[in-house]
Amino acid sequence: MRILLIEDYLPLQKSLAKGLREADFAVDVSGDGQEGLWYAMSNDYDVIILDIMLPKLDGLSVLKQLRVKNKNNHIIILTAKDTVEDRIKGLDLGADDYLVKPFAFEELMARLRALVRRRYEHKCPDINIADLHIDTASRRVWRGDDEIILTSREYMLLEYLARRAGQVVSRTDIWEHIYEFNSEASSNVVDVYIGYLRKKIEKESMPPLLRTIRGQGYILGT
């Protein structure tokens, strides 16, 4: 899943970006509201993490402009402002969640997972496709009784396809959701990782789950 982090306090920005990447999210980072707004308008993010006190353009103005322009990304506001009035204002402008600093990173991760599930209309943290089982909270995968060990990139790819199970997903769409803005990878890398993933989830006599739709992309499902 791809996250946009808009936070100007450098120690927190670096800490959050590092933790999110270690948790298998692709993360784009901005330190001011104007640049953050440009990122948000230029790319499709699963969740935007937005500080309020930002240089150049404050977070609430970023939020308001995104909603006026019909950008429907899920947005979590991070702020030191903790009054009821502040929370009401942010939520009324279109934020999906509100987290007051200081906060536990584990709580942020839980809220992110909840918003990702909401975006893809999966309320349960588990995804089941035939005998393929994905626990998105622990990021563990099984096929039948056998656990499948995936690399970070392979897991990101599988979860994204699983959240869109039964739909044809293009190479470009996959690339835009699992690689960061400054990544030197190209959409051709997607084909390589599809191959790696297919070998791991379709071993031996297992029925195929991951199909290539020529000229369109890939589909995960029975």
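The values are calculated or read from the model by the stated rules, or taken from the named source; none is laboratory data. All values reported here derive from a predicted model rather than from experimental measurement. Cβ placement follows ideal geometry from the backbone for every residue including glycine, while neighbour counts extend to all protein chains displayed. The protein model used for the area step is the full one, side chains on, heavy atoms only, and it has no ligands, DNA or RNA in it. Shrake-Rupley method; radii C 1.70, N 1.55, O 1.52, S 1.80 Å.
When the residues of region 17-39 are filtered to those that are part of a helix (DSSP H, G or I) and in contact with a strand residue (DSSP E or B) (Cβ under 6 Å, 6 or more places away or on another chain), which remaining residue is nearest to ILE77 (Cα to Cα)?
Applying the filter and picking the extreme gives GLY36.
Quick one: which strands (runs of 3 or more DSSP E) lie wholly within region 98-156 and hold at least 2 residues that are modelled with pLDDT of 90 or more and surrounded by 15 or more Cβ atoms within 10 Å (Cβ to Cβ)?
Here the list reads 126-129, 132-135, 140-143.
Mind checking which residues of region 4-37 are surrounded by 21 or more Cβ atoms within 10 Å (Cβ to Cβ) and of a type in the set (Ser, Thr, Tyr)?
SER30
Which of the following residues is open to solvent by 60 Å² or more (accessible area, probe 1.4 Å) and closer than 26 Å to ASN72 by Cα: ARG198, ARG171?
Sole residue among the options that is open to solvent by 60 Å² or more (accessible area, probe 1.4 Å) and closer than 26 Å to ASN72 by Cα: ARG171.
Answer yes or no: is there a residue in region 47-61 that is out of contact with any helix residue (DSSP H, G or I) (no Cβ under 8 Å at 6 or more places or on another chain), of a type in the set (A, V, I, L, M) and part of a helix (DSSP H, G or I).
There is no residue in region 47-61 that is out of contact with any helix residue (DSSP H, G or I) (no Cβ under 8 Å at 6 or more places or on another chain), of a type in the set (A, V, I, L, M) and part of a helix (DSSP H, G or I).
Test each condition in (1) loosely packed, with under 15 Cβ neighbours inside 10 Å; (2) in contact (Cβ under 8 Å) with a residue 12 or more places away in the chain; (3) of a type in the set (Ser, Thr, Tyr) for SER205 and report the one that comes out false.
It is condition (2) that SER205 fails.
Suppose we filter GLY221, GLY217 for residues that are open to solvent by less than 40 Å² (accessible area, probe 1.4 Å), at positive phi and touching a helix residue (DSSP H, G or I) at 6+ places or on another chain (Cβ under 6 Å); which single one remains?
Only one candidate qualifies: GLY217.
Take region 59-85 and flag every residue that is within 17 Å of LEU12 (Cβ to Cβ) and open to solvent by 20 Å² or more (accessible area, probe 1.4 Å).
Across region 59-85, the qualifying residues are ALA80, LYS81, ASP82.
In region 62-88, how many residues are in a helix (DSSP H, G or I), closer than 18 Å to GLU35 by Cβ and among the hydrophobic types (A, V, I, L, M, F, W, C)?
The qualifying residues number 3.
Hey, among the residues in region 157-168 that are assigned to a loop (DSSP other than H, G, I, E, B) and in contact with a Phe, Trp or Tyr (Cβ under 8 Å, 6 or more places away or on another chain), which one's least open to solvent (accessible area, probe 1.4 Å)?
It comes out as ARG164.
Using the structure shown, decide if ASP24 is out of contact with any Phe, Trp or Tyr (no Cβ under 9 Å at 6 or more places or on another chain) and under 22 Å from ARG164 (Cβ atoms).
no
Just to be sure I understand, how many residues within region 76-101 are among the aliphatic types (A, V, I, L, M) and out of contact with any helix residue (DSSP H, G or I) (no Cβ under 9 Å at 6 or more places or on another chain)?
Count: 4.
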